[in-house]
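First comes the structure, then the notes that go with it.
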Amino acid sequence: MSKVDREPIFSAKNLKLFTAPLGKDNPITVQVLGICSALAVTVKLKPAIVMALSVTIVVAVSNVVIAAMRKYIPDRIRIIVQLVVIATMVILVDQFLKAYAFDVSKQLSVFVGLIITNCILMGRLEAFAMANKPWPSFIDGLGNGAGYGIILIVVAFFRELLGSGTLFGYPVMEKLGIYTIGYQNNGMMILPPMALIGVGLIIWFQRSRNKSLIEKK
Amino acid sequence: MNSLRKKIDKIKPNFQEGGKFEKLRSVFEGLESFLFVSDRVTFKGSHVRDSIDLKRTMTVVIVALLPALLFGAYNVGLQHFRSIGADAGIFHMFWFGFLKILPLIIVSYSVGLGIEFIAAQIRGHEINEGFLVTGLLIPLIMPVEIPLWMLALATAFAVIIGKEVFGGTGMNVFNPALVARAFLFFSYPAWMTGDKVWIEGLAKGQHVVDGFSGATPLALCAAGETTKIPSFMDMFIGTIPGSIGETSTLAILIGAAILIITGIGSWKIIVSVFAGGLGMGLLFNAFSVNTYMELPAYYHFVMGGFAFGAVFMATDPVSGSQTEKGKWIYGFMIGVMSILIRVINPAYPEGVMLAILLMNVFAPLIDYFIIQSSIKKRLKRAKIATNINS
């Protein structure tokens, strides 16, 4: 028994679990999951980053918990069990934010609670954690959370910069002094449709770089 | 002309497949067919062909737009001199306005055509003439004071997000010119609404004569001041503040006549938009809860961009309904929605833009149901026929 090859903790396979969701398996741009929150919380950078972190933590920890007890979960009630785990994690994160980052928590408002319904979570638990060991599941959770977060942060960066002229609340555009030559903030950037168009542009960019993502007709 | 033809023929091989500038083929072809009729013929199967192609269609629309454009130029001058209380001759006014509009047209065409040319190169398509009309429509639905960089940005947005993303000319879901306007409307509302932007000089804080207001009739109505709007005749002729090409219903009707006679614009859509607007206006008249609702229904035809939208925007053959019955529904709903948005929602004094964009989305759905119902009808008829035979 002792001769069983133990996989190194950061084997190529495990690393791939982390890097794939950042690029060609991205939960938002390729799997098109978690779009709703991506539209809602990307007006400013700060809430977007907090949201990305929250989702990453919730998905990673839930993945570990479900993976650890995957053999004891009766098949028929597995969705309920998964939901209980996710809900517990979300409540913990929500309470933590309320205690230590009340402003951001207020900005995110209902969307922290709505992490429960984020498709990425159920997707990862169903597709990965139910069939894998805790450690790979943890890495998979981190990777998917980061893949989700990266898109959120990119979209939020442009929306805050072009829509409000600030970055993390710092008035970048004003310091650059381009208001004086007639530049104005783009009001549409603050509206949700622009987030959708932003995500669309990222998908466009990604697909033109990586042709294998384009569906075969 | 002949020597030009010879010159073009001489350099042509360079641009054909295998030539030196093969990559620029579509640019060359676009320019060549702009000057001369394309010599390409169909070579596969049999096709019924008409001498009228996309380019000729577009040229007719441009001609139909000319009255609105010329009057728009005159009106820009007129409004400016009225606001400063000065007097000027009719040609002076026209020339003043023309010089104001010209940069807008140049920016719109150069940005839009630039993107179209590049997109055609990348994809190896021919250059389509679709932008010829869009490029003129965009300045005509803008306030005269719009900064040029905003116009350039909106044009780029309309061509890329409104058109190229969907596959270029003929594939767009929305009317590109209205996409440009909607983009500006939501991005820079300060430049698209209010009482300053419609008249040259006001936004820069120029001195105006006492009692002069640059508010459009629609803005006055939305504010509940329906008694202050200009007379019906003034609004019909178009000597009122507003977007450049939309003020004169008379000039637009001349354009409409050109479109209908040549068969390029669908008279069904134009008539049904007006019918829908009249119906909704009469409905509001019946309720008459506030002064705006009491406004005679036919006033809506001459205010704002209703007529312009009905004649030049709703009739866009790409984004509108394709089926003949569908055109009636499509147009009627545009009319209804325009007046509904105008009267009920004071945040959007002009409802035509949003109404047309909304119905652009529904046009394929309308077509789908019309086609399905006619298939069903024919199937039924076929069944009856077979029953009788058997």
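The values are calculated or read from the model by the stated rules, or taken from the named source; none is laboratory data. Everything numeric here is computed off the predicted structure, so don't read it as measured data. Glycine also receives a Cβ, built like all others from the backbone with ideal geometry; neighbour counts cover every protein chain displayed. The protein model used for the area step is the full one, side chains on, heavy atoms only, and it has no ligands, DNA or RNA in it. Shrake-Rupley method; radii C 1.70, N 1.55, O 1.52, S 1.80 Å.
Tabulated data for the structure shown
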quantity: Cα-based Kirkwood hydrodynamic radius, chain B, one decimal, Å; calculated: 22.7 Å
quantity: Within-14-Å neighbourhood charge of residue B:372 [Cβ basis; K, R +1; D, E -1]; calculated: +4
quantity: Cβ-based net charge around residue A:120, under 14 Å, with every Lys or Arg adding one and every Asp or Glu removing one; calculated: -2
quantity: Amide proton proximity set for residue B:142, modelled H, under 5 Å, gap of 5+; calculated: B:244, B:245
quantity: MRE, 222 nm, helices only [DSSP H, n ≥ 4, -39500 (n - 2.57), over chain B, to nearest 500]; calculated: -20500 deg cm²/dmol
quantity: Net charge, residue A:21 excluded, C-beta distance under 15 Å - Lys, Arg +1, Asp, Glu -1; calculated: +2
quantity: Ranking by accessible area, most exposed first, for B:95, B:191 with a 1.4 Å probe; calculated: B:95, B:191
quantity: Cα centroid separation - region B:103-135 against region A:81-138, whole Å; calculated: 48 Å
quantity: Helix-only CD estimate at 222 nm, as mean residue ellipticity for chain A, using -39500 (n - 2.57) per DSSP H run (n ≥ 4); calculated: -19000 deg cm²/dmol
quantity: Cα-only Debye scattering, the protein assembly as shown: base-10 log of I(q)/I(0) at q = 0.06 Å⁻¹; calculated: -0.45
quantity: Global size of region B:108-212 as Cα Rg and Dmax, reported in angstrom; calculated: 15.8, 58
quantity: For chain A, Kirkwood radius (reciprocal of mean inverse C-alpha pair distance, Å); calculated: 18.7 Å
quantity: B:82, B:56, reordered so the largest accessible area comes first (probe 1.4 Å); calculated: B:82, B:56
quantity: Dimensions in Å of region A:35-148 - Rg and Dmax from alpha carbons; calculated: 13.9, 42
quantity: Chain A: DSSP helices with Cα axial extent of at least 27 Å and average Kyte-Doolittle hydropathy no lower than 1.6; calculated: A:45-68, A:78-100
quantity: 5 angstrom amide H check on residue A:167, placed H, neighbours 5+ away; calculated: A:172
quantity: Kirkwood-Stokes translational diffusion coefficient of region B:75-160, alpha-carbon pairs, 20 °C, 1.002 mPa s, µm²/s; calculated: 150 µm²/s
quantity: Distance cut-off 17 Å, percentage of C-alpha pairs in region B:347-390 lying past it; calculated: 57 percent
quantity: Cα extents of region B:271-343 along the three principal axes, largest first (Å); calculated: 38, 21, 17
quantity: Estimated Rh, region B:304-390: Kirkwood, alpha-carbon pairs, angstrom; calculated: 14.5 Å
quantity: Radius of gyration and maximum dimension Dmax of region B:223-385, Cα, Å; calculated: 17.5, 65
